[in-house]
Amino acid sequence: MPHREQKLVNDEVYHIVLKRIGEDLLFRDISDYYRGIFSIYEFNTTKLVTIRERRRIRKQIKKENIDPSFIVDERDKLVDVLSFCLMPNHIHLLIRQLKDDGIKKYISKIASGYPAYFKQKHNIERKSYFFQGRFKAIHINDNRQLTSVFIYIHTNPISLIEPGWKKSGIKNKKRVVKFLEEYKWSSYLDYIGIKNFPSVTERNTIMSLIGDENKCRELTNDWVRYKGRIQECEEFALE
């Protein structure tokens, strides 16, 4: 039976996961993680991305000590990235499609651009498979689902310090709360008022639903402390 391609609709929000094939790592070191963040931001445009030129501009901005928040974002964006989380072998994205086939084009850019960098850096055969099949997307139907997936994405790193938490529960909740607030490779810090990668995400959508930075922190911390909605989060999420 032929594969039926999923129709993704403009102005709708989707949860997407990109996973490295097998158990291989997607990010081996800190520079890989930075390149992952770079990819999430830079490939979100209808135009051709010239990596060297963009990196030159960013280095110039840093050299001249210019606050990036004052730089006008002139990208013709394919999507709005509402939240993200980089894990050792996969990426979570919560995104809203802005252009026809915007998500497909955006993911295609990431799925070709990042592997090219990774294979060259780590001396991997160019023709080898990298990501695990076609990307999957779960449509976000309502605000309850949006909130649940927002929490799910930002609490994904818990498994890095408590691998069996989904079955046995969170053992050290204070440690987990601290860990999440120090985990650099997600959009959570920007949501709770710690400037990390603020230009990557469009946060007004989530903020208008949840509230301010304190409310975002409170919502996540309450979920960690009481862990009462884990099944609800997983119901709407992609592993």
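Some points to look at:
- Cβ-based net charge around Tyr114, under 11 Å, with every Lys or Arg adding one and every Asp or Glu removing one: +3
- Our estimate of slack between Arg225 and Lys195, defined as 0.36 nm per intervening residue step minus the Cα-Cα distance, is 8.3 nm.
- Added length on full extension, which subtracts the Cα-Cα distance from 0.36 nm per residue, Ser31 to Asn89: 19.4 nm
- Within the shell of other residues whose beta carbon sits under 11 angstrom from the beta carbon of His154, the net charge comes to -1, with Lys and Arg scored +1 and Asp and Glu -1.
- Prolate/oblate/rounded label for the range 84-211 (Cα gyration tensor, a/c 1.5): oblate
- The range 118-189 versus the range 10-40: alpha-carbon centroid distance in Å: 10
- Positive minus negative residues near Ile192 (Lys, Arg vs Asp, Glu; Cβ under 10 Å): -3
We did not get these values from a lab; they are worked out from the coordinates using the rules stated. None of these values were measured; they are calculated from a predicted model. Note that we place each Cβ from the backbone using ideal geometry, even for glycine, and neighbour counts take in every protein chain shown.
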